[in-house]
1. Every residue in segment 187-213 that is over 15 Å from residue 75 (Cβ atoms) and touching a Cys at 6+ places or on another chain (Cβ under 9 Å), please.
2. Taking segment 205-220 as the region of interest, how many residues are open to solvent by 50 Å² or more (accessible area, probe 1.4 Å) and under 11 Å from the mean Cα position of the chain (by Cα)?
3. Kindly state which helices (runs of 4 or more DSSP H) lie completely within segment 84-166 and contain at least 1 residues that are touching a Pro at 6+ places or on another chain (Cβ under 6 Å) and surrounded by 15 or more Cβ atoms within 10 Å (Cβ to Cβ).
4. In segment 72-121, which residues are basic (Lys, Arg) and within 20 Å of residue 213 (Cβ to Cβ)?
5. Could you tell me how many of the residues in segment 181-204 are in contact (Cβ under 8 Å) with a residue 60 or more places away in the chain, open to solvent by less than 10 Å² (accessible area, probe 1.4 Å) and among the small types (Gly, Ala, Ser)?
6. Looking at the structure I just gave you, is residue 132 of a type in the set (Ser, Thr, Tyr), modelled with pLDDT under 85 and more than 23 Å from residue 217 (Cβ to Cβ)?
7. Is there a residue being on the phi > 0 side of the Ramachandran plot and not small (Gly, Ala, Ser) anywhere in segment 136-153?
8. Can you tell me which residues in segment 48-67 are closer than 15 Å to residue 100 by Cα, of a type in the set (A, V, I, L, M) and either open to solvent by 70 Å² or more (accessible area, probe 1.4 Å) or modelled with pLDDT under 85 (or both)?
Amino acid sequence: MSLRYPLWVSETFSSYDAGNNWVKPAFSYNRMPSICTTSGCFERNLRKTNVYMANDIIVIWLAAALFVMAISLFLLVRPYFPAAVTAYASLWFMKWSHVIHPGDWLMTSWGIAVAIVLVIDMMQPRRLARCTNGMTYIGIGAIVGMMVGMTGFSYLWMVAGAAIGVIAGGYVYARTPAGKPLGFPSAQFFQYLCAKGLPAVVTVSIIGIAVMLWIIEQHPVATIQYM
């Protein structure tokens, strides 16, 4: 005779025929999830919950870093706001997500560089600071130069590559009809290149540092062998 039990009963029951022979049941009851009755079980579940919450926080910080980094690249060619500030913020977001682990000296030194960029930006006439002429050439040159310098896995090479890319981009822009009024080579051209190129170098270098640190964190053995 089959007995009916609630679905939360943890034991498994069988049926018997008239001859008291065991008959395999056609279905089984769901087992009730185990309930913590000891401190060890509670601590294990608490640790699992903390791990899930930590993973969610990591994803949030990483998503914020990538979003702000994309904004930095947009502001690089459309400098309506200093792009170095948003790039530096994305570096902090990636640090807080524990995806990368930059040292305190690295964060401090680039924070000083961003502060210098802000001072220069405030000292410039607003029309010059927010001017977008030639920023596409300068921005693309800085990114390409940074990526070439990144192949050496060195901060110095990366910054030097970005600076050379800015100079090359400014030169190409000066050779276009729109950039001819700068009169390359002239004092006006170098003044414009310094005003627009320095923020581009700092912005792109910060983004490159974040990417390079991520590569080193993900592939440390391959990076050491390459270096």
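1. Result: 192, 195.
2. Start the filter on segment 205-220 by keeping residues that are open to solvent by 50 Å² or more (accessible area, probe 1.4 Å), which leaves 211, 214, 216-220.
From what is left, the residues that are under 11 Å from the mean Cα position of the chain (by Cα) are 211, 214.
Number satisfying all stated conditions: 2.
3. Details: elements: 104-123, 126-129, 135-150.
Where helices (runs of 4 or more DSSP H) fall fully within segment 84-166 and carry at least 1 residues being touching a Pro at 6+ places or on another chain (Cβ under 6 Å) and surrounded by 15 or more Cβ atoms within 10 Å (Cβ to Cβ), they are 104-123.
4. First, pick out the residues of segment 72-121 that are basic (Lys, Arg): 78, 95.
95, the sole residue that qualifies.
5. Here the count works out to 1.
6. Numbers: of a type in the set (Ser, Thr, Tyr): yes; modelled with pLDDT under 85: yes; more than 23 Å from residue 217 (Cβ to Cβ): yes.
So residue 132 fits the description; yes.
7. The answer is yes; a qualifying residue exists.
8. Those that are closer than 15 Å to residue 100 by Cα, of a type in the set (A, V, I, L, M) and either open to solvent by 70 Å² or more (accessible area, probe 1.4 Å) or modelled with pLDDT under 85 (or both): 57, 58, 59, 60, 66.
The values are calculated or read from the model by the stated rules, or taken from the named source; none is laboratory data. Remember, it's a predicted structure, so these values are computed and weren't measured experimentally. Here Cβ is always computed from backbone atoms with ideal geometry, including for glycine, and neighbour counts include all displayed protein chains. These accessible areas exclude ligands, DNA and RNA; they are computed on the full protein's heavy atoms, side chains included. Shrake-Rupley method; radii C 1.70, N 1.55, O 1.52, S 1.80 Å.
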